[in-house]
Amino acid sequence: MKVVVAHNRYREAIPSGENVIVDTEIAQLTAAGIEVLPFQRASDSIGDLPLAQKALLPLSPIYGRAAQRDLSELLQRERPDLLHLHNPYPLLSPWVVRTAHEHGVPVVQTVHNYRQVCSSGLYFRDGHNCHDCRGKAFGWPAVVHKCYRGSAAQSALMATTLAVHRPTWKSVDRYIALTGRIAAHLRDYGIPDERIVIKPNGLPDPGEPAPLGDGFLYAARLSPEKGLELLLDAWRRHPDGSLGPLRIAGDGELRPLAEQAAAERDDVTYLGALDRTGMEAARDQASVVVAVPTWNDVLPTVILEAMAAGRPVLGTDVGGIPYLLGIDESAQVAGWVVKPDAETLAAALPIARVDAAAVAPNARTRYLQAFHPDVVTRRLIDVYTSLTENSHPAPR
């Protein structure tokens, strides 16, 4: 089987679990015998584009002329069985779906966020969850609130893109929803159940876990929706040192909060932005990983990495986190979930610390049963096979 994997990579200077997931999936498919033809564009390359192409960049989310030309050439030359799309913005554009269909190539898309409807992709703005653009023909609230890159002009362009491409998205032959929450988002958008498959991401097996360390690790982009303020509020409700150490890894606009907490308390350490080796070491030092976003985070990679390393997770009851941890779905519950408020989280912290050793084996088992490459790659190939052999194309 021959598959084109299309993805607009985020800027490499910005930590992106999505880039890692796509790279990992390509490697897993290749190892399983699938011929993968990467069709990728990188946002880092924008500065090197010729002036003529830069002049057309504002229209790229809608059409992306250079990408359509290059994709047409690839499809004509290689004649793949299908195209698997991840992120199309800004350089690819959802128009790649139309281009593939023009060449008779069916399309699978993995849905990593809520950008069929929401210009930011998060359903989150100004510190709270927001669904103001749901059900609207045009996302005026996104323009008013400058939801895309803090710009009214760019938000208007993205809202226009989403309006123009509503028929495009509804023509995708098969959607891969990472969790049931994403499947519900797609159904609300009008996608029928028979074109939605729930399949999570997976990560390579790091091997047998190291013995549990002590304390908690929080590793995320330090932005409001990731819950750092929530965690620090809950942490400060306990005496200094009573919970063991809290290590904070990451960078972003809330970095001063992490630095301030580390200066105020002996039990808080700010590690800064870490590379992969540094993250592995920080995880090995901890007994519990904390993932407490306040938005409906789809499928945080940090949780997959924690379970693979045999670390239980204390998370908030939002987005895909209950699914990841096996809450109500598995006998191997890999951690704890709480409502995203400081009082509830503060009460859960000492419980997680005491019970970490008992829950840790469940975390590793949950990873092996649901997120190991052998499991998720087989499921992905099954999606491909069902689409190319047994299903009818979506209506154009």
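Summary of values
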| quantity | calculated |
| --- | --- |
| Ratio Rg/Rh [Cα only; Rh per Kirkwood] for the chain | 0.97 |
| Cα lying deepest toward the dipole's positive end in the chain, options 203, 165, 263, charges on Cβ | 165 |
| Cα pair distances of segment 182-331 binned at 5 Å [whole percent] | 2, 9, 17, 20, 20, 14, 8, 5, 3, 1, 0 |
| Point-charge dipole on Cβ atoms (K/R +1, D/E -1) for segment 78-131, about Cα centre, debye to 20 | 120 debye |
| Potential lengthening between residue 388 and residue 129 on full extension [0.36 nm per residue; Cα-Cα distance subtracted] | 89.4 nm |
| Sum of -39500 (n - 2.57) over DSSP H runs of 4+, divided by residues of the chain (222 nm, nearest 500) | -12000 deg cm²/dmol |
| Environment charge of residue 144, counting only residues whose C-beta is closer than 14 Å and scoring Lys/Arg +1, Asp/Glu -1 | +1 |
| Largest-first principal axis extents of the Cα set of segment 52-210 (Å) | 52, 44, 37 |
| Accessible area (Å², per residue) of the chain, counting only protein heavy atoms and a probe of 1.4 Å | 42 Å² |
| Distance violations [Cα-Cα > 31 Å] among 199/339; 170/339; 2/199 | 170/339 |
| Set of lysines near residue 146 by C-alpha distance (under 25 Å), chain-local residues within fewer than 8 positions excluded | 54, 136, 226 |
| Hydrodynamic radius of segment 119-166 per Kirkwood, over alpha carbon pairs, in Å | 10.4 Å |
| Sulfur and carbon atoms: percent of accessible area, the chain [1.4 Å] | 53 percent |
| Lys/Arg +1, Asp/Glu -1 at C-beta; the chain dipole; positive extreme among 368, 148, 303 | 148 |
| Spin-label pair residue 354/residue 163, simplified geometry with 7 Å Cα→Cβ offset, distance in nm | 5.7 nm |
| Gain on full stretching of the segment that runs from residue 42 to residue 103 - 0.36 nm per residue minus C-alpha separation | 19.5 nm |
| Within segment 285-311, backbone nitrogen closer than 12 Å to the virtual label 7 Å beyond the Cα of residue 344 toward Cβ | 294 |
| Cα lying deepest toward the dipole's positive end in segment 123-277, options 139, 274, 252, charges on Cβ | 139 |
| Computed magnitude of the charge dipole of the chain (debye, nearest 20; Cβ of K, R +1, Cβ of D, E -1) | 1340 debye |
| Label-point separation in nm, residue 151 to residue 263, each point 7 Å along Cα→Cβ | 3.4 nm |
| Summed side-chain charge close to residue 233 - residues other than residue 233 whose Cβ falls under 12 Å, Lys, Arg +1, Asp, Glu -1 | -1 |
| Inter-part distance where segment 276-354 and segment 214-247 are each reduced to a Cα centre, Å | 12 Å |
| Excluding exposed DSSP-loop GluC sites (Glu not before Pro) (at most 13 other C-beta within 10 Å), longest clean stretch of the chain | 13-252 |
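The values are calculated or read from the model by the stated rules, or taken from the named source; none is laboratory data. Keep in mind the model is a prediction, meaning the values are calculated, not measured. Reconstructed Cβ throughout: ideal geometry from the backbone, glycine too, with neighbour counts over all protein chains shown. Note: areas computed on protein heavy atoms with side chains; ligands, DNA, RNA excluded. Shrake-Rupley method; radii C 1.70, N 1.55, O 1.52, S 1.80 Å.
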